[in-house]
Amino acid sequence: MPQAFKQAPWRHQVLSTSRTALWIVGFVVLGGVYLAVNSKVASAGRELLVLERRHELLVRTNGELNATYAALISPDSMMERASYLGFRPALPIEIQYLLVEGFEVSAGFEAPRPLTSEEERQGMLSPSYTETLGEWISRFAIGGDQ
Amino acid sequence: MRLWKSKLAQDEQSRPNSETAPADEPLKKRAARPTGPLVATNKIGATSFRGVDPPSPTSSGTTNPVSRSRIRVVTLGMGVITVGLLIQLIRVQFGPYAPVFAARGDVGSSRLERVIPARGLIYDRDGRLLAANATSYVLEVETRQLTAASRAAIPEVLSKVLLLPLGDLHDQLNRDWVSQNQFRIRLTRSDQAGDPLPINVDKYVAAVLNEFLADPYAPDLSGLSLVPNPKRVYPNGELAGHVLGFVNQENEGYFGVEGYYDEWLSGKPITISRPMIPPEAHAQPNPPAGVNLVLTLDMDIQQMVEYELTSAIKSSGSVSGEIIVMDPRNGEILALAAYPSLNPNEYEPWLVQEDGLEPVITPAVGAMFEPGSTFKVITMASALDAGVVEPDSEFLDTGEIEVGGNLIRNWDGEAWGPQTMLGCMEHSLNVCLAWVASEKLGASTLYSYLNAFGIGRLTGTDLSGEIAGQLRTPRHPDWTESDLGTNSFGQGVSMTPVQLMTAVAAVANDGVMVQPHIVRQIVGPSGAYSPKTIVLGRPVTPETAHTLSEMLATSLEGETAYASLAGYRLAGKTGTAQIPGDFGYDPRWTIASFIGWGPVDDPQFLVLVRLDKPETSPWGSVVAAPVFQKVVRRLVVFLEIPPDAVTG
């Protein structure tokens with residue numbers, strides 16, 4: 001024989017509290033993940049900004065060091081130092097020449113390429129950072145994912 | 001679950017029996033019970049779940065002091081944080097920097113920036129840096145951050161550190177910039193012409209000012225900031241200054257290589273949107289960089305040539321001068337010195353000349369002169385090539401000749417009697433060359449040859465500011481027959497030193513005239529490019545060139561022995577030119593010059609020495625030829641050219 005039955009009020013409370021807690025936990029987990037990802041993005045962005053500034057500073061410093069070095073080895077400075085060390089320019093009659101058949105003069109100095117060449121820029125960023133989800137799926141579908 | 005059940009069972013057993021509800025009691029009544037264990041039964045009547053009230057600190061009627069103190073601490077902490085946030089919000093909204101924050105907010109999450117690529121570097125042929133990039137700092141003021149104290153302190157500090165007029169700085173800072181919507185200004189100073197220029201300070205001064213800004217006990221410099229700015233520097237100072245030109249504060253190149261290759265060197269500035277919120281930061285595109293240049297200059301030769309030029313200027317009392325060294329085979333300019341020298345690091349004085357004349361930078365291409373007797377090389381080459389004279393053709397020099405009604409005399413006013421063409425060149429006889437031009441060549445043939453030598457036309461050299469020179473031909477309305485006579489020995493015709501070098505190089509280089517150039521290699525992002533030698537023409541045959549070279553080598557060994565060098569066979573010609581003015585030729589001053597090349601059998605260098613208004617002697621053979629000798633003595637060492645006896 002069936003018997004009347006009713007849940008105890010505390011049980012309703014427990015259930016509703018659990019449901020709410022579940023939602024909250026879900027939100028907290030999602031929020032946490034979102035926050036973690038965003039904080040990583042933010043810190044990466046901040047690091048990028050810092051690195052950009054540092055790069056600019058290093059480029060400036062490098063330029064100044066190059067200029068300082070060039071001034072130190074300028075012909076005037078070298079001549080002065082050579083004179084100080086007791087050297088003097090050689091005269092034609094003081095030089096012994098030896099003819100070498102087939103000797104070829106080297107091609108000479110070649111200047112370095114500018115710092116921001118296209119090749120360097122392309123090599124800076126991995127395609128993983130620019131590939132969209134669709135591109136990744138299509139690449140995965142055709143078996144190109146290694 | 002079992003453990004929980006057994007725990008509940010224990011709890012149940014530990015409670016008094018009166019608390020246990022009977023199974024047959026109405027459910028409604030049982031539900032009304034406020035506290036105590038509740039029991040739900042199923043149809044079987046067995047107990048399935050039991051609920052137990054959690055132990056509560058309040059249920060027992062007592063207070064937990066630990067928990068309450070914790071709550072107070074947490075509440076206090078949160079309160080402090082909240083108050084801090086409120087204070088910060090009020091400060092941002094209403095504080096002294098509120099306009100700055102507001103302006104920044106108006107801009108949005110990013111700001112547009114113009115990114116200027118690093119200017120290309122310039123090297124000499126051995127890789128020594130001639131033009132580099134450094135940093136200067138411009139002084140900017142955020143006008144909304146100025147305080148009463150900083151309005152007074154900034155001019156005071158800057159005037160003392162930078163030795164600038166206090167009043168001018170004070171005026172700049174105390175204008176009502178904000179009402180003019182000027183929130184950021186650049187402090188300026190006046191140049192020599194009175195025009196405002198941004199104040200640029202080097203890194204050392206910037207470090208001092210930064211220390212002032214960071215020191216809380218230093219004068220209040222609120223609002224002042226130092227903004228890095230690219231600056232061109234020339235590590236060798238005055239060395240090759242006229243070749244390089246200079247770059248102004250707006251990063252624009254003028255004169256010389258900087259001017260000619262300005263667009264190549266400066267790259268292409270771009271405008272980027274730089275995010276100010278870190279999560280939106282991303283890698284910014286780099287602007288296309290300027291190319292690097294390798295010049296044909298050899299800095300050792302350049303330094304030697306500048307030293308010899310300065311010495312010659314001082315010893316001869318000249319006011320100015322030039323020495324140019326070129327490889328006649330390919331047109332490469334190995335050295336180009338001009339006096340007064342130009343320091344590209346401090347170019348401003350050059351722009352304001354005392355006499356009000358326009359400044360001439362890189363005079364080798366930007367200033368013309370009447371070459372005088374060095375031009376006879378071209379006249380004689382024309383005559384030999386046309387076949388109207390031979391080296392031993394005879395001429396009776398009477399000391400004067402009339403051409404077009406104009407009486408022409410020799411440099412010494414004397415009659416040299418019977419002469420061959422060799423003697424005419426050796427003694428530099430004006431009368432003889434005027435005779436060759438007027439009686440042998442004729443106007444049509446002579447000017448045709450001069451045209452072939454490129455006289456009166458641009459050479460197309462890669463130095464900024466080249467001018468074409470002046471040559472009146474018979475087609476010119478002002479041309480008269482007397483021009484034919486004077487032009488034959490280099491008067492009445494104006495040309496640049498590089499133009500003269502180019503024409504004479506054709507004689508040294510088997511009759512092949514090549515374009516002079518200063519850049520040997522251009523290196524860009526996509527690779528290196530080396531300009532090829534450009535042949536401008538073949539004005540004379542190789543035979544004519546050899547013949548004239550031999551004539552000039554012989555004459556140099558005789559009359560102009562001051563220019564010869566033991567062990568090396570050289571060819572050359574002196575020049576002494578009168579200087580034209582508004583009222584005819586200057587009776588006192590001359591331009592003394594010498595142009596020569598060597599070794600004659602295999603010419604590897606061509607040297608032009610030019611001294612303006614020498615005091616010690618007006619003659620090129622006296623003041624310019626010895627300079628040529630000194631230069632060549634060192635030049636053969638630098639170029640590793642063995643004596644003729646070694647090469648056979």
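Rule-based calculations on the coordinates, nothing more; no lab input. No experiment lies behind these values; they were computed from the predicted model shown. Heads up, the Cβs are rebuilt from the backbone with ideal geometry, glycines too, and the neighbour counts pull from every protein chain shown.
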Set Lys and Arg Cβ to +1 and Asp and Glu Cβ to -1, take the dipole of the protein assembly as shown about its Cα centre, and tell me which of B:L396, A:W10, B:T590 lies farthest positive. A:W10
So what are the ³J(HN,Hα) numbers for segment B:626-638, from phi and the Karplus equation (6.51, -1.76, 1.60; θ = phi - 60°), rounded to whole Hz, Gly and Pro as x? x, 5, 4, 4, 5, 5, 5, 4, 7, 5, 5, 6, 4
Modelled label-to-label distance, A:L115 and B:N248, 7 Å Cα→beta-carbon offset: nm? 2.6 nm
Of B:A386, B:G194, B:A337, farthest towards positive along the dipole that unit charges on Lys, Arg, Asp, Glu beta carbons give chain B: B:G194
Reduced Cα scattering model of segment B:299-647, Debye log10 I(q)/I(0), q = 0.09, 0.11, 0.15 Å⁻¹: -0.45, -0.68, -1.32
Mind checking which of A:L133, A:L48, A:L115 has the largest fluctuation in a GNM of chain A, springs on alpha carbons under 10 Å? A:L133
On Cα atoms only, tilt of A:9-72 relative to the major axis of chain A in degrees: 10 degrees
Quick check on the exposure proxy: order A:V25, B:V431 from fewest to most C-beta atoms within 10 angstrom. A:V25, B:V431
If exposed GluC sites (Glu not before Pro) are those in a DSSP loop with at most 15 other Cβ within 10 Å, what is the longest stretch of chain B that has none? B:1-249
Based on DSSP, what percent of beta bridges with both residues in chain B are antiparallel, to the nearest 5? 95 percent
Rounded to the nearest 20 debye, dipole of the protein assembly as shown from Cβ charges on Lys, Arg, Asp, Glu: 8260 debye
The number of Lys pairs in segment B:299-647 whose alpha carbons lie under 24 Å apart, excluding pairs fewer than 8 residues apart on one chain, is 11
If you project the alpha carbons of segment B:103-189 onto the principal axes, what extent comes out on each, in Å, largest first? 56, 40, 17
DSSP-assigned coil residues among trypsin sites (Lys or Arg not before Pro) in segment B:86-175, each with at most 13 further Cβ atoms within 10 Å: B:R175
Which of the trypsin sites (Lys or Arg not before Pro) found in segment A:1-49 are in a DSSP loop and have at most 16 neighbouring Cβ atoms, other than their own, within 10 Å? A:K6
Students often get this wrong: which residues of segment B:135-165 have the backbone nitrogen under 15 Å from the point 7 angstrom along Cα-to-C-beta of B:S190? B:164-165
In segment B:569-633, which chymotrypsin sites (Phe, Trp or Tyr not before Pro) fall in coil by DSSP and have 14 or fewer other Cβ atoms within 10 Å? B:F583
For chain B, the fraction of alpha-carbon pairs in successive 20 Å shells from zero, as %: 15, 33, 19, 13, 7, 6, 5, 1, 0
Value of [θ]222 nm, deg cm²/dmol, for chain B, DSSP H segments ≥ 4, -39500 (n - 2.57) each, nearest 500: -10000 deg cm²/dmol
In whole percents, the bins of 20 Å from zero upward hold the Cα-Cα pairs of the protein assembly as shown as 12, 31, 22, 15, 8, 6, 4, 1, 0
B:N251: net charge of surrounding residues, Cβ under 14 Å, Lys/Arg +1, Asp/Glu -1, itself excluded? 0
Report the residues of segment A:86-101 in range of a label on B:A645: point 7 Å along Cα→C-beta, backbone N strictly under 11 Å from it. A:93
Relative compactness, chain A, computed as alpha-carbon Rg over 2.2 N^0.38 Å: 2.51
In the protein assembly as shown, what % of DSSP beta bridges are antiparallel (nearest 5)? 95 percent
Which of B:V365, B:L163, B:V609 sits closest to the plus end of the dipole of the protein assembly as shown, meaning its Cα is farthest towards the positive end, when Lys and Arg get +1 and Asp and Glu get -1 on the C-beta? B:L163
Please state, as a whole number in µm²/s, the translational diffusion coefficient that the Stokes-Einstein equation yields for segment B:134-233 at 10 °C and 1.306 mPa s, with Rh defined as the Kirkwood radius across alpha carbon pairs. 115 µm²/s
Counting alpha carbon pairs within less than 8 Å and at least 6 residues apart, what relative contact order, in whole percent, applies to segment B:299-647? 22 percent
Hey, how many Å between the Cα centroid of segment B:114-169 and the Cα centroid of segment A:52-66? 17 Å
